[in-house]
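These notes concern the structure reproduced below.
The values are calculated or read from the model by the stated rules, or taken from the named source; none is laboratory data. Just so you know, these numbers come straight off a predicted model, no measurement behind them. As a convention, Cβ positions derive from the backbone with ideal geometry for all residues, glycine included, and neighbour counts pool all protein chains shown. Keep in mind that these areas ignore ligands, DNA and RNA; they rest on the heavy atoms of the full protein, side chains included. Shrake-Rupley method; radii C 1.70, N 1.55, O 1.52, S 1.80 Å.
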Amino acid sequence: MSRIVSLLPAATEIAAALGLMDEVVGVSHECDFPNEANTRPCVTRLRINATARQAQLSPSNQAGMTSRQVDEWVRRALREQGTIYAIDEPLLRALRPDVILTQKLCDVCAVGYGTVARLAETLPEPPRLVNLEPTSLSDIFENIRHVAQACGVLERAERVIANLSARVEAVRERAAQVADRPRCFLMEWVDPPFCSGHWGPELVEIAGGHDPLGRKHQPSAQIDWKQVLDAGPDIIVLALCGYDVDLARRDYELLQNFPGFDSLPAARSRDIYLVNASAYFARPGPRIVDSIEILAGILHPKEFPEFADRPGADVAAIAGSLAKI
């Protein structure tokens with residue numbers, strides 16, 4: 001058995017899907033799924049400085065801060081400190097990990113790979129570092145293999161991936177039969193506006209839509225609000241990085257005041273949806289397939305009634321994952 005420390009939520013979910021939670025001895029402060037993750041010691045924390053005294057679980061969840069203030073704080077912290085996270089070094093040493101699951105993808109999402117690598121080299125028995133850096137759905141599935149291989153359970157990965165792939169293909173095949181492919185803006189941040197990147201536009205495509213502003217397999221990027229007006233999306237999905245549905249609702253109120261918002265087709269038809277991006281869309285683990293199913297229910301509710309919002313029922317097929325404006 002390995003002693004695993006997971007420094008990002010998606011990696012913890014991958015470990016759980018592979019049946020490795022008994023071997024996970026430490027997690028990041030943002031690892032909250034499955035429930036067992038909440039019983040493991042946290043080896044990271046968000047740095048708190050004078051401009052973020054009320055910082056809570058994630059840089060996107062600053063108590064009392066607007067999305068503009070959060071964006072400014074993150075940029076400043078990265079510029080001045082190089083990171084917004086700290087590792088509990090004494091705890092990490094005491095846990096004696098054999099494997100550390102980490103990432104190079106995003107300095108805002110988790111502790112940077114360089115920081116982890118430098119610390120790992122100083123441990124008495126340097127652990128194996130598993131870097132997870134997906135930019136596509138296939139990369140996410142490959143990450144499952146990487147974790148499984150590092151922990152000696154590769155055969156489990158193939159079963160997990162086969163199950164997830166079957167669900168993806170079931171949506172893809174049904175969505176391909178629908179002639180209408182609505183323009184769906186998957187929005188990653190409101191103020192300033194960010195379009196989706198990496199796997200985001202791919203999820204929309206599989207679910208039967210087209211993201212006219214997305215950057216497929218590339219990093220998400222800040223865009224001008226005029227680009228959104230020019231694109232005229234039929235549907236807007238607020239998949240705000242690190243935000244759950246309640247926080248997304250707060251930023252929707254801000255979005256309504258943007259110039260020309262009421263002229264958008266999505267605003268006129270009230271086809272605007274709030275999703276729990278913290279748990280699904282922004283977390284590249286097994287539940288990314290749930291994100292595709294949620295999108296299918298949004299884009300084509302008649303063709304995917306099992307994933308669509310139903311009055312009087314828990315939202316979509318996954319309670320708390322989605323709300324319609």
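In table form, for the structure just shown:
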| item | result |
| --- | --- |
| Contour excess over end-to-end distance, with Cα ends at ARG268 and HIS210 and 0.36 nm allotted per residue | 19.0 nm |
| Relative contact order, percent, segment 240-305 [alpha-carbon distance under 8 Å, six or more residues apart] | 35 |
| Relative packing of peptides 207-217, 272-282, 31-41 - highest average C-beta neighbours within 10 Å first | 272-282, 207-217, 31-41 |
| Stretchable slack from GLN256 to ILE325, in nm (0.36 nm times residue separation minus alpha-carbon distance) | 23.7 nm |
| Solvent-accessible area per residue, Å², over segment 115-230 with all protein chains present [probe radius 1.4 Å] | 47 |
| Stretchable slack from VAL178 to ARG159, in nm (0.36 nm times residue separation minus alpha-carbon distance) | 3.8 nm |
| Most to least packed among 112-120, 86-94 [average Cβ atoms within 10 Å] | 112-120, 86-94 |
| Charge dipole (segment 147-245, unit charges on Cβ, about Cα centre) - positive-most of PRO219, VAL171, ILE235 | VAL171 |
| Cα gyration tensor shape for segment 119-212, rounded if a/c is under 1.5, else prolate or oblate | oblate |
